[in-house]
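Asks: My questions all concern the structure below.
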Amino acid sequence: QQIHVVRNSVKENTLSNPALVTDDHVNEFLFTRGKGWVCEIHHTIVGFAIVDFKENNIWALFLHPDFEKKGIGQLLHDTMLNYYFSITKTTVWLGTTPNTRAEGFYRKKGWKNVGMHGDELKFEMSFEDWIA
C-alpha cells in the first residue's frame, strides 16, 4: 500500500487513473517479472524503483515529493541499474513525460533519448554506457 501512496503523491508523471495500477500489478513486477527496491524512512516507504526483466524496462522509479533532492532517487536508480546489468547486458529502456524533471534527471544520468513511446519520451541505457 505504501508504494501506491508514493506513486499517487507525485506531481509529474501522474497516473490518469490510479486504479489501473493494482496490488496485483505491483506484486507481478516485484516478484515475477522483475525486482524492486524501496527507501524507507522511519518505517515508511518514501521512494521505490522496479525493473521489469521480461520487457527490459524500468517499470517505476518514484519518490515522494517531501523527500526529493536528498539523493534518494539517485541511490535507487543506481542500485537498480547496477543490479540489472549484473544480471544481463541487454539494453534497458524507460518512458517518461516530456518536459518534466524526470526527463532532466535521466538525461543527467546518461540515458539516451531514442524517440517516443506513445505519449512519452523513450530513453535507453546500454551496458556499455552504464559502465563507462
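The values are calculated or read from the model by the stated rules, or taken from the named source; none is laboratory data. It should be emphasised that the depicted structure is a prediction, and the values quoted were computed from it without experimental measurement. Virtual Cβ from ideal backbone geometry, glycine too; neighbours counted across all protein chains shown. Each accessible area value is taken on the protein alone, full model and side chains, heavy atoms only, with ligands, DNA and RNA left out. Shrake-Rupley method; radii C 1.70, N 1.55, O 1.52, S 1.80 Å.
Asks: Give a residue-ordered list of calculated ³J(HN,Hα) values for the stretch 59-70 (Karplus: 6.51 cos²θ - 1.76 cosθ + 1.60, θ = phi - 60°; whole Hz; x for Gly, Pro).
Replies: Per-residue couplings from phi come out as 6, 7, 8, 9, 9, 4, x, 5, 10, 6, 6, 10 Hz.
Asks: Which value, in debye to the nearest 20, describes the size of the charge dipole of the stretch 1-95 about its Cα centre when Lys and Arg Cβ atoms bear +1, Asp and Glu Cβ atoms bear -1, and nothing else is charged? Please report the intermediate quantities before stating the final value.
Replies: On the way: 8 positive and 10 negative charges, 43 e Å.
Computed about the Cα centre, the dipole is about 200 debye.
Asks: Mind running the shape call on the stretch 1-44? Use the C-alpha gyration tensor, a ≥ b ≥ c as the square roots of the eigenvalues: rounded below 1.5 for a/c, prolate if a/b tops b/c, oblate otherwise. List each step's numbers first, then the result.
Replies: Numbers: a/c = 1.93, a/b = 1.05, b/c = 1.84.
Oblate is the answer for the stretch 1-44, as a/c is 1.5 or above yet b/c matches or exceeds a/b.
Asks: Here is a follow-up. Count the lysine pairs in the stretch 14-132 that are 8 or more places apart or on different chains: how many have C-alpha atoms under 28 angstrom apart?
Replies: 28
Asks: Can you list the equivalent-ellipsoid semi-axes of the stretch 29-102, largest first and in whole Å, using the square root of 5 times each Cα gyration tensor eigenvalue?
Replies: Working: eigenvalues 88, 45, 23 Å².
Largest first, the stretch 29-102 gives 21, 15, 11 Å.
Asks: Can I ask one more? For a quick check, take a GNM of the chain with Cα springs below 10 Å and name the residue from I87, I72, I50 with the largest mean-square fluctuation.
Replies: Of the options given, I87 has the highest mean-square fluctuation.
Asks: In Å², what does the accessible area per residue of the chain work out to with a 1.4 Å probe?
Replies: About 58 Å² of surface per residue is accessible.
Asks: D24: accessible area at probe 1.4 Å, nearest 10 Å²?
Replies: Counting only protein heavy atoms, the figure is 120 Å².
Asks: Using Cα springs under 10 Å in a Gaussian network model of the chain, which residue among A19, A60, A102 shows the largest mean-square fluctuation?
Replies: With Cα springs under 10 Å in the chain, the top fluctuation among A19, A60, A102 is at A19.
Asks: Here is a further query. If you plug each phi of the stretch 3-13 into the Karplus form 6.51 cos²θ - 1.76 cosθ + 1.60 with θ = phi - 60°, what whole-Hz ³J(HN,Hα) values come out, in order, with x for Gly and Pro?
Replies: Values, residue by residue: 4, 5, 4, 4, 4, 8, 8, 5, 8, 10, 6 Hz.
Asks: Ignoring ligands, DNA and RNA, how do W130, W59 rank by accessible area with a 1.4 Å probe, largest first?
Replies: Details: W130 50, W59 75 Å².
Greatest to least solvent exposure: W59, W130.
Asks: Starting from the amide H of W59, placed 1.01 Å from N in the peptide plane, find each other amide H under 5 Å away whose residue is 5 or more places distant or on another chain.
Replies: Under 5 Å from the amide H of W59 lie the amide H atoms of I50, V51, D52, each far enough along the sequence or on another chain.
Asks: Still on this structure, I have one more. Once you have a ≥ b ≥ c as the square roots of the Cα gyration tensor eigenvalues for the stretch 67-119, tell me rounded if a/c is under 1.5, and otherwise prolate or oblate according to whether a/b is larger than b/c.
Replies: Working: a/c = 2.37, a/b = 1.07, b/c = 2.21.
Taking the square roots of the gyration eigenvalues as a ≥ b ≥ c, the stretch 67-119 is oblate.
Asks: In cubic angstrom, how much convex hull volume per residue do the alpha carbon atoms of the chain span? Can you show the working numbers first?
Replies: Values: hull volume 14.7 nm³, N = 132.
Hull volume over Cα atoms, normalised by residue count, gives 112 Å³.
Asks: What is the percent carbon and sulfur in the accessible area of the chain, measuring with a 1.4 Å probe over the protein chains and ignoring ligands?
Replies: That share works out to 51 percent.
Asks: Using a basic spin-label model with each label point 7 Å from the Cα along Cα→Cβ, how many nm lie between L75 and I45?
Replies: The two pseudo-label positions are separated by 1.7 nm.
Asks: Can you list the HN-Hα couplings for the stretch 79-93, worked out from phi with the Karplus curve (6.51, -1.76, 1.60; θ = phi - 60°), rounded to whole Hz and with x for Gly and Pro?
Replies: After applying 6.51 cos²θ - 1.76 cosθ + 1.60, I find 4, 5, 6, 4, 5, 3, 6, 7, 9, 8, 9, 6, 4, 10, 10 Hz.
Asks: Can you give me the solvent accessible area of R7 with a 1.4 Å probe, rounded to the nearest 10 Å²?
Replies: Accessible surface of R7 is approximately 40 Å².
Asks: At 1.4 Å probe size, put F53, F123 in order of accessible surface, largest to smallest. All intermediate terms of the calculation are to be shown ahead of the outcome.
Replies: Values: F53 55, F123 0 Å².
If we order F53, F123 from most to least accessible, we get F53, F123.
Asks: Same structure again: When the Cα centres of the stretch 2-16 and the stretch 92-132 are compared, how far apart do they sit, in Å?
Replies: 19 Å
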